[in-house]
Structure formats: structure tokens, C-alpha cells
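Report on one structure; see the data block that follows.
The values are calculated or read from the model by the stated rules, or taken from the named source; none is laboratory data. Because the structure is predicted, anything quoted here is derived from the model rather than measured. All Cβ positions, even for glycine, are placed from backbone atoms using ideal geometry, and neighbour counts span all protein chains on display. Calculation scope for accessible area: heavy atoms of the full protein, side chains included, ligands and nucleic acids excluded. Shrake-Rupley method; radii C 1.70, N 1.55, O 1.52, S 1.80 Å.
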Amino acid sequence: MTTHTPRVFSGIKPSGGLTLGNYLGAIKRFVDMQGQGFETIYCVVDLHAITVWQDPKELKDATREVAAGFLASGIDPTQSILFNQSQVSAHAELGWLFNCVARMGWMNRMTQFKDKAGKNAEKVSLGLYAYPSLMAADILLYHATHVPVGEDQKQHVELTRDIAAKFNHDFKAEGFFPMPEPIIDGPATRVMNLRDGSKKMSKSGESDMERINMTDDADTIAKKFKKARTDPDALPDTLEGLKGRPEARNLVDIYAALSEATPEAVIAEYAGAGWGRFKPALADLAVEKLAPISTEMARLMGDKAEIDRILGEGADRADAIAQPILDQAYDITGLLRSR
Ligand code: TYM
């Protein structure tokens, strides 16, 4: 059994803007994993974005904007590798090999595909269906061992493990691909929609009031939290008291994640407080944490050539890790390579 070096891989799609869910569930945690004994590789997954229609006139800037979000939040391109997926062609190539390993039955169980395709399953792209096998390629191309993600990506990381195990087994390449661990921790692995606590906060909800965008200004953030749906009750003095109150629980979790406290500590501080007190405190905290990031994102977007340079350099470094692993995967599969 090969031992693999501790290596983190994770990615974010450049489709729509970044939300508070992406920040708390992913980017902030990516930053925390830097310098913790892992090699860290972070990717703007543009090939994933095009599984649904993206305007070609906007996609490049959307890609740069996600990269700006990473950088502004504290991803250091000298400590981590930061790049966009389409610049490293090995992702698409290994993705194809995995399309031939993954089973239809496995793909049919993917709940995110079912949610996204809905009643429209006949009309969505083949890419949307095959998406989880490309995601497996993203991770396994680097022999990544740890994959920090939000709760909604757990099933895809489990599928990645199934693909790795089947590849290793079928080709008698025991230990070639590692079994990557999904890392889903902290209070904000599933940030909910501000208007409906039963739905995830997402980039593509109908109303902008449902989500906080990383680029929202202070007034907009304050307004969205003020109008966030809650119930009439005050905050309880224990977390158990939030059972059956998903909107209230969500706001407490967001507060906890932003302030790097536990939800228990937040409840202890605000026990008995009404929304008239808690919501403005939450809005102030969110503005305090997000405003410097959105200001820095705007500054970075003023120099696109610099973002492109960082992504290009990251792609060169990613490629240097990926290519030998892809070459081995081709060889293990029995594909002839004579140049
Ligand atoms: P994407 O672009 O939808 O989301 C990026 C990351 O943000 C997390 N996230 C959330 N976390 C908490 N609460 C929310 N409301 C919320 N919304 C989004 C997601 O869980 C994710 O971690 N398929 C992936 C991208 C991907 C990837 C990969 C991830 C492609 N290849 C390889 C890890 C490893 C996706 O669509 O994420």
C-alpha cells in the first residue's frame, strides 16, 4: 500500500457570484488549511461551470472573480497552488478515463444531479450528468488525501472514493489512487437560504434576498439580514431550544462561523435576545468580516492581467504534479503512448 503525502484539493465553480455559503463552507476553511502540514491546491473549476449554460462573454471574468475571492480571503499563491481547471488539460483526460470506470447506477444515485435536472432531465447536458466523475478526476489527479467541502458535496467525494477503489481493483493497481477524506467541519457546512431555512443558500436562487453575495455592500448586507425570515420567539439559552427553528439556527450558525466561535457560545451570549438585537449584531459582524474582502476583490479585479498571471503560474505548478499521475493512469489502463 502506497502512502500518499497529505494533500488538499478543493474547487469552486465560476457560475454566478460567490455567496456567504461558499465563503463559510469552503473558502474560509481552505485558508485555515494553509500552512497546516498539507500541500494545498485550490481550483476555479470552469469546466464544471459549463455543464450549464455560461455566457462566453462573462465566463472569463467570472473565473477571475472567484480567483479574486480566494486571494482576497487569504489564499496565498506562494503557499497554495491556485489555478483554473481548463488550463490543466489532464482534468478532462482523467475525467474521461473515469467515465469508463464509474457505473451508470452510481451516477443515477447522485442527489445533486436529480435536484438540478429536476423534471427537465431529458434536456440537461450530458456533462451535468458526468460532472461527478470529472470531480473525482480533479481530486485524484493530484492524489489528494483531504477534500474540504460543504455538506452538499459529500456524496460526490464518496463517489470519488468508489471510483478510486474500482480503478485500483480492476487494474490491479492497489494503492495507486488514495481514498480521499471529505473534510466537512465547523458550524457552517450548510448555510441556508435567508428566506427559507429548508433550502441551501445558493448562487442561483430566484431572489437575491435569499443570499449574501461576497460583493454585497454594507447596506445590502444589513437589509438582507434584517429581512431574513425568522420566527417570533427570542433566542433560547441552549442549542436544543433551536430544534425545529431552522431559520433561527441558520443565523446562529452564520454568526458562529463569522466570529470563529461555537454555536453554543453564541447562544450563551445572546440567550433571551430578540431579533431586534441579534440581527443588527449579525449584520455588523458580517460587514466587518466581508467588507475588507469585497474591497480587496474589487481592487484585484482592477488588474486582471495580474490575476491571469497568478492562475497561469498556478496551472504550471498543478500540471507538474498532474501530468506524471495522468501518464501512470494511462499506462495502467493499457493505452499506448509512444511520443
Ligand atoms: P460549488 O461551486 O457549488 O461550491 C463551492 C464550495 O462551496 C460549498 N458551498 C456551501 N457550503 C456551505 N453552505 C452553502 N450554502 C454552500 N454552497 C456552496 C460547496 O459545498 C463547495 O465546497 N462540485 C463542486 C466543485 C468541485 C469540487 C471539485 C470540490 C469541482 N471539483 C473537487 C471539491 C473537490 C461544486 O459545485 O461546488
Practice problem: Please list, or write none, the aspartates and glutamates whose alpha carbon is within less than 12 Å of the alpha carbon of LYS304, excluding same-chain residues fewer than 8 places away. | Solution: ASP61, GLU65
Exercise. Calculate how steeply helix 154-170 sits against the longest principal axis of the alpha-carbon atoms of the chain, using the helix alpha-carbon long axis, and give the answer as 0 to 90 degrees to the nearest 10.
Key: 20 degrees
Quiz prompt | Test item: Cα-centred dipole of the chain, Lys/Arg +1 and Asp/Glu -1 on Cβ, debye | solution = 880 debye
Self-check item: Probe 1.4 Å, all protein chains present, accessible-area order of GLU151, GLU269, GLU206, largest first
Solution: GLU206, GLU269, GLU151
Quiz item: Looking at this model, which pairs from LYS116/LYS243; LYS123/LYS226; LYS203/LYS279; LYS114/LYS223; LYS172/LYS203; LYS123/LYS224 are more than 30 angstrom apart at the alpha-carbon?
Solution: LYS123/LYS226; LYS114/LYS223; LYS172/LYS203; LYS123/LYS224
Quiz item: Over the heavy atoms of PHE98, what accessible area does a 1.4 Å probe trace out, to the nearest 10 Å²?
Solution: 0 Å²
Practice problem: Round to a whole angstrom and tell me the spacing of the C-alpha centers of the stretch 273-326 and the stretch 145-221. | Solution: 17 Å
Quiz item: Rounded to the nearest whole Å², what accessible area per residue is found for the chain with the 1.4 Å probe?
Solution: 47 Å²
Practice problem: Set Lys and Arg Cβ to +1 and Asp and Glu Cβ to -1, take the dipole of the chain about its Cα centre, and tell me which of SER207, ASN250, ILE307 lies farthest positive. | Solution: SER207
Exercise. Select from LEU18, ASN120, LEU59 the residue farthest towards the positive end of the dipole of the stretch 9-134; place +1 on Cβ of Lys and Arg, -1 on Cβ of Asp and Glu, and compute about the Cα centre.
Key: ASN120
Quiz prompt | the chain, accessible surface, carbon-and-sulfur percent (1.4 angstrom probe) | solution = 51 percent
Exercise. At a 1.4 Å probe radius, which order do HIS146, HIS91 fall into by accessible area, largest first?
Key: HIS146, HIS91
